[in-house]
1. Tally up the residues in segment 21-43 that are under 23 Å from Ala144 (Cα atoms) and not in a strand (DSSP E or B), please.
2. Test Ala120 against the stated conditions and say whether it is within 24 Å of Gly40 (Cα to Cα), open to solvent by less than 70 Å² (accessible area, probe 1.4 Å), without any contact (Cβ under 8 Å) to a residue 24 or more places away in the chain and not charged (D, E, K, R).
3. May I ask you to list the residues in segment 114-143 that are in contact with a Cys (Cβ under 9 Å, 6 or more places away or on another chain) and more than 18 Å from Thr3 (Cα to Cα)?
4. For segment 72-90, what are the residues that are open to solvent by less than 60 Å² (accessible area, probe 1.4 Å) and under 23 Å from the mean Cα position of the chain (by Cα)?
5. Just to be sure I understand the filter: pairs with C-beta atoms under 7 Å, separated by 6 or more residues or on different chains, first member in segment 4-29 and on the phi > 0 side of the Ramachandran plot, second member at pLDDT 85 or above. Which pairs pass?
6. Taking segment 53-71 on its own, how many of its residues are at pLDDT below 75 and either open to solvent by less than 50 Å² (accessible area, probe 1.4 Å) or assigned to a loop (DSSP other than H, G, I, E, B) (or both)?
7. Looking at segment 91-112, which of its residues are buried (at least 17 other Cβ atoms within 10 Å of the Cβ) and outside any strand (DSSP E or B)?
8. Somewhere in segment 43-61, is a residue touching a residue at least 24 places away in the same chain (Cβ under 8 Å), under 27 Å from Ala133 (Cα atoms) and of a type in the set (Gly, Ala, Ser)?
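The values are calculated or read from the model by the stated rules, or taken from the named source; none is laboratory data. Treat the numbers as computed from the prediction; the structure is a model and nothing was measured. FYI the Cβ positions are ideal-geometry reconstructions off the backbone, even for glycines, and counts take in every protein chain you see. Keep in mind that these areas ignore ligands, DNA and RNA; they rest on the heavy atoms of the full protein, side chains included. Shrake-Rupley method; radii C 1.70, N 1.55, O 1.52, S 1.80 Å.
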Amino acid sequence: MKTIIQNLKNGEICLIDSPRPSYKDGHLIIASESSLISTGTEKMLIDFGKANFIDKAKQQPEKVKKALEKVKNDGIYSTLNSIKSKLDTPLPLGYCNAGEVLENEGGKFKIGDRVVSNGAHSEVVSIPYNLCAKIPHNVSFESASYTVLGSIGLQGVRLLN
């Protein structure tokens, strides 16, 4: 199964072969039909990954504060190893996904349902069912993949009120 990931240490983006997710309670296994690239969030992650260590720290001052606390509690070597480990962990990109349910254990979704989710750019994703919604039959997978992005914008409008 193909998945798009990013190495946060150097910003490299790769299309990798990854194992198909296994079923977990409360999740749907979804075969992706369409996913949307967010030019805001995903570009920010790509730029962050390409930044040097100092620029990464400047972009996330709250994490620098946490790292300084960790240095006080755990020491410098433990903290640096923890940061390096975090930056070396591949990050799946994407969060606007539309596809068809492959596996489910009852509830409001059935195998074969067309759904939108916050799944990554991957051929198959495992997503908590409460982060999924059915797609009306007259809406294409491509159009439905804008749902999560649109909901973020609507939440911003709600917060303004």
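1. Of all residues in segment 21-43, those under 23 Å from Ala144 (Cα atoms) come to 21, 26-43.
If we keep only those that are not in a strand (DSSP E or B) too, we end up with 21, 26, 36-43.
Number of matching residues: 10.
2. On the way: within 24 Å of Gly40 (Cα to Cα): yes; open to solvent by less than 70 Å² (accessible area, probe 1.4 Å): yes; without any contact (Cβ under 8 Å) to a residue 24 or more places away in the chain: no; not charged (D, E, K, R): yes.
It is false that Ala120 is within 24 Å of Gly40 (Cα to Cα), open to solvent by less than 70 Å² (accessible area, probe 1.4 Å), without any contact (Cβ under 8 Å) to a residue 24 or more places away in the chain and not charged (D, E, K, R).
3. Val115
4. Step one: of segment 72-90, the residues open to solvent by less than 60 Å² (accessible area, probe 1.4 Å) are 75, 78-79, 82-83, 87.
Scanning segment 72-90 gives Ser82, Ile83, Leu87.
5. Cβ pairs passing all conditions: Gly26/Pro128; Gly26/Tyr129.
6. Summing the residues that are at pLDDT below 75 and either open to solvent by less than 50 Å² (accessible area, probe 1.4 Å) or assigned to a loop (DSSP other than H, G, I, E, B) (or both) in segment 53-71 gives 1.
7. Leu93, Gly94, Tyr95, Cys96, Asn104, Phe109
8. No, segment 43-61 contains no residue that is touching a residue at least 24 places away in the same chain (Cβ under 8 Å), under 27 Å from Ala133 (Cα atoms) and of a type in the set (Gly, Ala, Ser).
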